[in-house]
Amino acid sequence: MKVPLRWLKEFVDTGLSVSELAHRLTMAGLEAEKITVIGADWEKIYVGHVAAVAPHPDADRLVLATVDAGEHRLTVVTGAPNIAQGQMVPLALAGARLIDGHSEGQVYRTLKPSAIRGVRSEGMVCSEKELGLSQEHEGIMVLEADAPRGAPLVDWLGDTVIEFEITPNLVHDFSILGIAREAGALTDRPVSTPPGYDLDQAPPGPADLVTVEAPDLCSRYVAVVIDGIGIEASPAWMQRRLLAAGVRPINSIVDVTNYVMLEYGQPLHAFDAGALEGGRIVVRRARPEETLETLDHQRRQLDGEMLVIADAKKPVGIAGVIGGLNSEIHHGTTRIILESANFDMKTTRRTARTLKVRTDASVRFERGLDPNLARDAAARATQIILELSPGATVTAVSDIYPAPLTPRSMSLPFAEIERLLGIRYEPEQVVDVLRRLCFAPEIDGERDDAALRVVVPTWRSDVTLAADIVEEVARVIGYETLPERLPTGQTAPVQRDSVYTMQRAVRSVLTGAGGWETVTYVAISDEDLLRLDPEGEESSGLHPVTLSSLIRLRNPLQADRGVLRPTLLPSLLAVAAENLKHERGVRLFELAHVYLPTDLPTAAELPREVNVLGIVLAGLREPLSRFSAADQGELDFFDIKGMVEGLLSRLGVRGTYFQTVTAAALHPGRAAGLFAGDMQIGLLGELRPDRAQTFGIETARVAVAEIDLDAMRALAHPVPVNVAVPRFLPVEQDFAIVVADETTAGEIETALWAGAGPLASAISLFDIYRGPQIGEDRKSLAFRVTFTAPDRALTDAELSKVRDRIRRTLRNIDGELRT
């Protein structure tokens, strides 16, 4: 978010320099990413008054403008169509650096005196593009009439913009007002808010002006009807602020809605009231097959999960995302309905992602806004609109707010601050900090029994726990005040995760059998499941799930992947199909969770997650063999059965057996279940050819398997979970040992163990070398020896003595250390 400093100063005067303010806010958790100075290059550019405009003697499209800028009075040649006597304009003198208005991008040129069609021009009147303010280059920039003649332009238009990274939990800072509150709290300076129109004095609207048919998705809706407005360009000061904040000016009404959104963080929208059927607003879910052409001239298909703003007959906007073209503000608009509402964050996010359109409004709504902002923002926007259109009047106001949000009371032991931060702050200091944050703090009791009570304002939805209150105290006082201490106490015993240990063993077996591990998305589509069984009512795989009970995502990352997968097979088959486009055979496996519905009655429960192994084999058994495919054959049921049997043997799983089963996706007679007693823990077989073809796999045979790893882990040999962690780090040293060619590696290793003594904890061979450098009939074996002492860190002197003992021991086998 871009925050112009002049705009911010209207809310709070921190008394800090720009760099100091950016640093303080960053240290308090509001990261300032960039500081941009508008007008940093405006040397030799002044505010000038156009004293006279005369025709050019030798050019019909050029004029001679006499511009007075205090000490500088010049006649400049210009072709700007909008220049007129009496205007205040930017005047650049020779030597000024300006952006070339006729070049793409920002190409700077140094202004030099020149003769244009026989008339010498000593300066230049500037457009917005030449000053770097916008891309506008059709005419010169006209300043306000009260601009100070002769003043450096940077003093009048210059500004500093701080760009902040607003994380999802800081929606209360997503506005000029929000940044001002933070800055005011950090510097203990008062924060003021701009004036707003008193909506209470406006006549109430008719009962049917606003109807909210989906109160679960719209907690508040404020509508202000304004008559007698005129649509024109917004004033220059507003346009400059919008441009500095990264928003393109459009017209006076749209610019006001954007301006107030930046000020308060509350998105607004204005409808042309004359385009609304029945002159009313209906907030409802979209109906089947409804479409809407939005302001970006895209026809969008709506669904029943989306919230729309409609009139009596049709949708006119997508709530919280984008307005409709059929109710757009245009130059003939004279009556508007100003909307300031609060929409459900999850629905807004889902709608924006489904339609693939994200706007400044949706970005704010999907983070969760304070519904109490809606009326304040509407009042502020109404005030500005009435100032810009003096003949306009407010004719009706409607505020639908059935369940008002109120501040939350919280309490915590005062000693909790010291317990969490490791430092004690005085009660007066804590109360002062929380007062600045508008938390209305009180302390009850004394000393160790004191309790801190606060009232959290509604705009601070991120403060829900006692620890959040402590964090607020720490960040405002300053994290740098926290003491630096090394942690004390004993290290917690290290234990192996039995699930991870088993997965590592599974990976070892399957990669040894030629498999490649793949990682796929946890979400799939309904169509992916139906490929395995187009006519079935349950998903295929080890854990069949009825299609109606699949776990569906409310806000999927991809609109076409809205189901948490109950089986790994569709994902693996899709990857296998892609690999078979350039490989003759594939052996893929994946270790991941599948998501199954719970047996509990409440829908609020999370799905049941099961650790599952999925395997897919397809193509030639030996893809790199020089023999033909007919000679070597294709991977089939027995290959995948052999992999599963090898896995069972490696894990020490006993008491399992294979039994013929039927499955809709598998070939009849080539399907088996893996059972342990009466419980099925696996499914394997060959995929039906027609099912394989739906994934784009044309090979004759495709073998698949799905194994329940949680069930298998319960049957496998127990794995020791305790791990002894040495207090002192081990030391590794490499030894290159030259011996006779007939000496075995085992003999050398025995000698190393004998010479190293009890300090050696591991010895491994990693290289063998033969060559003229070490002599004929000789070889060099390189070993890595790990030394560890349980009670001390080994020194170089100790290791040097061990090395000497190893050298002496190697003489017994006619070996020597190679240097």
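Structural remarks
- Pairs of Lys residues in the chain, spaced 8 or more positions apart or belonging to different chains, with C-alpha separations under 19 angstrom: 6 in total.
- Under the criterion of Cα pairs below 8 Å and six or more residues apart, the relative contact order for the stretch 219-351 equals 33 percent.
- Relative to the dominant Cα principal axis of the chain, helix 345-355 is inclined by about 90°.
- 5 angstrom amide H check on Arg608, placed H, neighbours 5+ away: Leu596, Thr598
- Spin-label pair Arg358/Glu31, simplified geometry with 7 Å Cα→Cβ offset, distance in nm: 1.5 nm
- Accessible surface of the chain, 1.4 Å probe, proportion on carbon and sulfur as whole %: 50 percent
- Per residue, the solvent-accessible area of the stretch 27-90 (1.4 Å probe, heavy atoms of protein chains only, all protein chains present) comes to 52 Å².
- Computed E for Ser549/Asp804 - FRET, C-beta separation, R0 60 angstrom, nearest 0.05: 0.25
- Helix axis angle, 796-810 relative to the chain longest principal axis, alpha carbon, degrees: 30 degrees
- Difference of contour (0.36 nm per residue) and Cα-Cα distance, Ala54 to Gln680: 215.8 nm
- The calculated 222 nm mean residue ellipticity attributable to helices in the chain amounts to -7500 deg cm²/dmol, summing -39500 (n - 2.57) over DSSP H runs of n ≥ 4 and dividing by all residues.
- Surface analysis of the stretch 300-454 yields an accessible area of 45 Å² per residue, using protein heavy atoms and a 1.4 Å probe.
- Taking 0.36 nm per residue of separation and subtracting the Cα-Cα distance, full extension of the segment from Asp188 to Ala236 would add 14.0 nm.
- All other residues whose Cβ lies under 12 angstrom from that of Asp767 are scored, Lys and Arg at +1 and Asp and Glu at -1, for a net of +3.
- For the stretch 778-790, 3J(HN,Hα) computed residue by residue from phi via the Karplus equation (6.51, -1.76, 1.60; θ = phi - 60°) reads 10, 9, 10, 10, 9, 10, 10, 10, 9, 10, 9, 10, x Hz, glycine and proline entered as x.
- Residues with amide H under 5 Å from that of Thr211, placed H, sequence gap 5 or more: Ile281, Val282, Val283
- Chain lengthening between Asp208 and Asp497 when straightened (0.36 nm per residue, less Cα-Cα): 97.9 nm
- Per-residue packing, averaged as other Cβ atoms within 10 Å, sorts the ranges 481-494, 222-235, 386-399 into the order 222-235, 386-399, 481-494, beginning with the highest.
- Relative contact order (percent, whole number), the chain, Cα cutoff 8 Å, 6+ residue spacing: 8 percent
- Under 18 Å from the Glu122 label point (7 Å along Cα→beta-carbon), backbone N, the stretch 29-58: 44-54
- Computed on protein heavy atoms with a 1.4 Å probe, the accessible areas place Glu277, Glu182, Glu33, Glu428 in the order Glu428, Glu33, Glu277, Glu182, largest first.
- Karplus-derived 3J(HN,Hα), 6.51/-1.76/1.60, for each residue of the stretch 692-698, Hz, glycine and proline x: 4, 5, 5, 9, x, 9, 9
- Considering all C-alpha pairs of the chain, those separated by over 38 Å amount to 65%.
- For the stretch 392-397, backbone phi angles converted through the Karplus equation (6.51, -1.76, 1.60; θ = phi - 60°) give residue-by-residue couplings of 7, 9, 8, 9, 6, 9 Hz, Gly and Pro being listed as x.
- Axis angle, to the nearest 10 degrees, between helix 569-579 and the longest C-alpha principal axis of the chain: 90 degrees.
- With the simple model of a label 7 Å out from the Cα in the direction of the Cβ, Glu289 to Arg447 spans 7.8 nm.
- Pairwise FRET efficiency - Arg6 versus Lys112, Cβ, R0 = 41 Å, nearest 0.05: 0.80
- Centroid-to-centroid separation of the stretch 529-603 and the stretch 658-698 [C-alpha atoms, Å]: 15 Å
- Modelled this way, with points 7 Å down the Cα-to-C-beta line, the labels at Leu606 and Leu729 are 3.6 nm from one another.
- Take each peptide in 337-343, 758-764, count the other Cβ atoms within 10 Å of every residue, and average; sorted highest first, the result is 337-343, 758-764.
- Calculated FRET efficiency for the pair Asp303/Ala440, C-beta based, R₀ 51 Å, to 0.05: 0.70
- Whole-Å distance, taken between Cα centres, linking the stretch 750-791 and the stretch 347-378: 67 Å
- Normalised per residue, the accessible area of the stretch 715-816 is 62 Å², obtained with a 1.4 Å probe and no contribution from ligands, DNA or RNA.
- Amide hydrogen neighbours beyond the local backbone of Leu666, cut-off 5 Å, H modeled: Arg688
- Rounded accessible area of Trp42 (nearest 10 Å², 1.4 Å probe): 20 Å²
The values are calculated or read from the model by the stated rules, or taken from the named source; none is laboratory data. Small disclaimer: the values here were computed from a predicted structure and weren't measured. All Cβ positions, glycine included, derive from the backbone under ideal geometry; neighbour counts span all protein chains shown. Note: areas computed on protein heavy atoms with side chains; ligands, DNA, RNA excluded. Shrake-Rupley method; radii C 1.70, N 1.55, O 1.52, S 1.80 Å.
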